[in-house]
Amino acid sequence: METIDICHSGLKPLPGRKPWALVGVVASGNLEVLLEREEGDRCYVHIETSVPGFATVWRAVVEDFVTRAAPGGLRISINDCGARPDTVSLRLLQGARLMEDAP
Amino acid sequence: MTTATRKVWDAARQDRNARRAAGAAFADGKLVPAANTTALLESVICPGDRLCVEGDNQKQADHLAAALAAADPAKLYDLHIVQSGVVLPEHIDLFRRGIAKKLDFSYSGPQSTAIARALRAGTIELGAIHTYLELFARYFVDLTPNVALIAAVSADREGNLYTGANTEDTPTIVEATAFKNGIVVAQVNTLVDRVPRVDIPADQVDFVIVAPRPFYVEPLFTRDPASLTELHVLMAMLAIRGIYAEYGIRRLNHGIGFSTAAIELLLPTYGEQLGLKGKIATHWALNPHPTLIPAIESGWVEQIHCFGSEVGMQDYIAARPDIFFTGRDGSLRSNRALCQVAGLYACDLFIGSTLQIDLAGNSSTVLRDRIAGFGGAPNMGSDPHGRRHPSEPWLKAGREGASEQGMAQGRKLVVQMVESFGDKMAPVFVEELDCVALADELKLDLVPIMIRGDDVTHIVTAEGIANLLLCRTAGEREQAIRGVAGYTDVGRGRDKAMVARLRERRAILYPEDLGIDVLEAQRHLLAARSIKDLVRWSEGLYQPPGKFRNW
């Protein structure tokens, strides 16, 4: 198990008012993403992954997500069970979209 | 001129007659008891013969293959095997036991690792890896079989054969062999008084053997919807919106991957929402994929011509003769050679998957330890320069691909649809295909590229679509490919500024550029989410093979 923490700041706040959202499932090759809204312009991502050695890829995935979704004021916790980067990327975007929807 | 110097013009026919006479010792008329199979084969086959042991994409003349592999290598040796599929362990045994020496084939599937090993060890002398059409073509020019060992469902006492739904390669093999002084030996499941329909007429068949067991058929085209992920759904949404709808694709061929299965299952849901029914995906060159059942039942499909059949689909097909090509007996008539021609000349789009793609868009299913062959992909996935009939999608693709003004010319759409990482996180996008090193190691004259980069028009991944038609230079193509290559090294090595420019020109399309909401990419969008759902859609007519039943 490896733990990775990534933080981006100075981001536009994510639209919508939904306080939290959960996407994905804990299953092999998949992942669970919990998104919680908080004060500020930061996007804080905490990753617990079963596959060590992919920190660079995780940073790249999160960086793209931050560019595409502008997720300011979010705390994201990821419980990864060996999901591929494409799946991670899709889940993050789905999570942000879910938060934008009306509560 | 005296008779002593007169040239003999029927030496091959005389040879065939002699072989038939030798084989007759083990037969009662054309019928040969199964126990005599090896003895029959030793009497009608000669060392050095070109031989086809029918091994198709699906059905296998397995009894004949096993009987041949049991032959005495002192009697039968140096055979040259010319068959499309090298699928059974017995096919490899022929080479291991020294019965066969040279191989010309198309597809190896389950034996891909064994073939690679045998090539390295020198037990197989490789002629070439062909496409189906290419090998069939050579049957009539320079690879005509001396003996063909084929498989059919039933025979009558005259030797008329009924192949049933899996006709596949049989008519092509028999045509080449029987009309060029060859011997045709058929294994059948049963002997009947009257065959349901005549697929191969008796005067093209020399010997018939009732095999101890029905011939083996591999369920190759069954994709369990339960295995489809949200990435497959997203890729299918991209393809439907960004390619099928964009070009108005009505005539098409699908490969056997999971992502194309997702497209099939999205037609009655997502396709319906987009109002595309009747406008896309109406005419098909396709094996009877179970995952197409919901689209057929929802009235999307007008007709389908099949290369082969699929295990469990017989009753469903027989009940839908408006859609499928069926015989007077009611069952499917498939024909690999003709369906390949249909896919090549009468379809506007091919979409399939692959294991590796390089920076020029070349793709290959050959990995360092696996030679899976080509099957039909290089023909389906190529622009046929001999095509002369226009259609809207073909003309539009031609316009997009034309760099200079000139005479209007069409272009077939050839789409590769891949997840950027394959099994065990192996990247699909690579700087150099494994087959380049392998060709070097095995001293092959030709690098076994499956689909050539200059034939590929689009690459679809979960990241987006690269439209290579709109790229004008090799540099642009490379960046368009990198721009959809996800988090592979190739993808992360992209020039972000150039990718942004290509995106402005719509040479790269991401989901948001097509109005696709990623939140919609969920499994509930699939018209069937399990094999059982497919059975339900078919009103119980589809009977999935045991390994796909989990209820």
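The values are calculated or read from the model by the stated rules, or taken from the named source; none is laboratory data. In this text the structure is predicted, and so the values were computed from the model without any measurement. Virtual Cβ from ideal backbone geometry, glycine too; neighbours counted across all protein chains shown.
Might you check whether a residue that is among the β-branched types (Val, Ile, Thr) and in a loop (DSSP other than H, G, I, E, B) occurs anywhere in the stretch B:330-352? Within the stretch B:330-352, not a single residue is among the β-branched types (Val, Ile, Thr) and in a loop (DSSP other than H, G, I, E, B). Mind checking whether some residue in the stretch B:338-351 is more than 17 Å from the chain's Cα centre (by Cα), at pLDDT 95 or above and acidic (Asp, Glu)? Taking every residue of the stretch B:338-351 in turn, at least one turns out to be more than 17 Å from the chain's Cα centre (by Cα), at pLDDT 95 or above and acidic (Asp, Glu). Test B:Asp440 against the stated conditions and say whether it is under 26 Å from B:Leu103 (Cβ atoms), free of Cβ contacts under 8 Å to residues at least 24 places away in the same chain and surrounded by fewer than 18 Cβ atoms within 10 Å (Cβ to Cβ). In short, yes.
For A:Gly16, the test of being out of contact with any Ser or Thr (no Cβ under 7 Å at 6 or more places or on another chain), in contact (Cβ under 8 Å) with a residue 40 or more places away in the chain and more than 10 Å from every other protein chain (Cβ to nearest Cβ) is passed.
Every residue in the stretch B:270-308 that is part of a helix (DSSP H, G or I), more than 18 Å from the chain's Cα centre (by Cα) and closer than 24 Å to B:Gln416 by Cβ, please.
Here is the first cut: in the stretch B:270-308, the residues part of a helix (DSSP H, G or I) are B:270-273, B:290-297.
Cutting the leftovers down to more than 18 Å from the chain's Cα centre (by Cα) gives us B:270-273, B:293-297.
Across the stretch B:270-308, the qualifying residues are B:Tyr270, B:Gly271, B:Ala295.
Somewhere in the stretch B:52-67, is a residue more than 19 Å from the chain's Cα centre (by Cα), assigned to a loop (DSSP other than H, G, I, E, B) and of a type outside the set (D, E, K, R)? Within the stretch B:52-67, none of the residues are more than 19 Å from the chain's Cα centre (by Cα), assigned to a loop (DSSP other than H, G, I, E, B) and of a type outside the set (D, E, K, R). Of all residues in the stretch A:57-101, those that are more than 13 Å from chain B (Cβ to nearest Cβ) and touching a residue at least 60 places away in the same chain (Cβ under 8 Å) total 4.
Could you please let me know if B:Ser382 is farther than 30 Å from B:Gly127 by Cα and either within 14 Å of another protein chain (Cβ to nearest Cβ) or part of a loop (DSSP other than H, G, I, E, B) (or both)? Show your work before the answer.
Details: farther than 30 Å from B:Gly127 by Cα: no; either within 14 Å of another protein chain (Cβ to nearest Cβ) or part of a loop (DSSP other than H, G, I, E, B) (or both): yes.
No, not satisfied.
Taking strands (runs of 3 or more DSSP E) that fall entirely within the stretch B:111-192, which contain at least 1 residues that are under 21 Å from the mean Cα position of the chain (by Cα) and buried (at least 24 other Cβ atoms within 10 Å of the Cβ)? Explain how you work it out, then say what you get.
Working: elements: B:125-129, B:147-155, B:183-191.
The strands (runs of 3 or more DSSP E) meeting that bar are B:125-129, B:147-155.
Of all residues in the stretch B:496-533, those satisfying the criterion of being more than 14 Å from every other protein chain (Cβ to nearest Cβ) and in a loop (DSSP other than H, G, I, E, B) are B:Arg505, B:Arg506, B:Ala507, B:Leu526, B:Ala527, B:Ala528, B:Arg529, B:Ser530. Within the stretch B:504-538, if we keep just the residues that are acidic (Asp, Glu) and touching a residue at least 24 places away in the same chain (Cβ under 8 Å), the residue that is farthest from B:Ile465 (Cα to Cα) turns out to be B:Asp533.
Within the stretch B:86-94, identify whether any single residue is part of a helix (DSSP H, G or I), of a type in the set (D, E, K, R) and not assigned by TED's automatic domain parsing to the domain that holds B:Phe307, and answer yes or no. First the steps, then the outcome.
We begin by selecting, within the stretch B:86-94, every residue part of a helix (DSSP H, G or I); these are B:89-94.
If we keep only those that are of a type in the set (D, E, K, R) too, we end up with B:90, B:93.
Among the residues that remain, those that are also not assigned by TED's automatic domain parsing to the domain that holds B:Phe307 are: B:90, B:93.
Scanning the stretch B:86-94 turns up at least one residue that is part of a helix (DSSP H, G or I), of a type in the set (D, E, K, R) and not assigned by TED's automatic domain parsing to the domain that holds B:Phe307.
Taking the criterion of being part of a loop (DSSP other than H, G, I, E, B), farther than 22 Å from B:Thr131 by Cα and away from every other protein chain (no Cβ under 14 Å), the residues of the stretch B:426-473 that qualify are B:Val430, B:Glu431, B:Glu432, B:Cys471, B:Arg472, B:Thr473. Of note, B:Ala485 does not satisfy the criterion of being loosely packed, with under 15 Cβ neighbours inside 10 Å, of a type in the set (A, V, I, L, M) and either assigned to a loop (DSSP other than H, G, I, E, B) or within 14 Å of chain A (Cβ to nearest Cβ) (or both).
Could you run through the stretch B:34-60 and say how many residues are under 26 Å from B:Thr167 (Cβ atoms) and not β-branched (Val, Ile, Thr)? Give the derivation first.
Within the stretch B:34-60, the first condition is being under 26 Å from B:Thr167 (Cβ atoms), and the residues that meet it are B:34, B:37, B:40-41, B:44-45, B:49-60.
Checking which are not β-branched (Val, Ile, Thr) leaves us with B:34, B:40-41, B:49-52, B:54-60.
Final tally of qualifying residues: 14.
The residue that is nearest to the other protein chains (Cβ to nearest Cβ), counting only those in the stretch B:219-260 that are over 22 Å from A:Gly24 (Cα atoms) and among the aliphatic types (A, V, I, L, M), is B:Ala239. Here B:Arg492 clears all of (1) without any contact (Cβ under 8 Å) to a residue 12 or more places away in the chain; (2) under 30 Å from B:Asp315 (Cβ atoms); (3) touching a helix residue (DSSP H, G or I) at 6+ places or on another chain (Cβ under 9 Å); (4) basic (Lys, Arg) except the condition numbered (2). Pairs linking a residue in the stretch B:22-49 that is closer than 17 Å to B:Asn189 by Cα to a residue that is assigned to a strand (DSSP E or B), with Cβ atoms under 6 Å and 6 or more positions apart or on different chains, are B:Lys30/B:Phe207; B:Lys30/B:Val208; B:Leu31/B:Val208; B:Val32/B:Phe207; B:Val32/B:Ile209; B:Ala34/B:Ile209; B:Thr37/B:Ile209. Within the stretch B:483-530, the set of residues being under 32 Å from the mean Cα position of the chain (by Cα) and under 30 Å from B:Tyr542 (Cα atoms) comprises B:Ala521, B:Gln522, B:Arg523, B:His524, B:Leu525, B:Leu526, B:Ala527, B:Ala528, B:Arg529, B:Ser530.
Do the conditions hold for B:Phe221, that is, is it buried (at least 23 other Cβ atoms within 10 Å of the Cβ), under 19 Å from the mean Cα position of the chain (by Cα), of a type in the set (Phe, Trp, Tyr) and farther than 13 Å from B:Phe350 by Cα? Taking the combined requirement at face value, the residue satisfies it.
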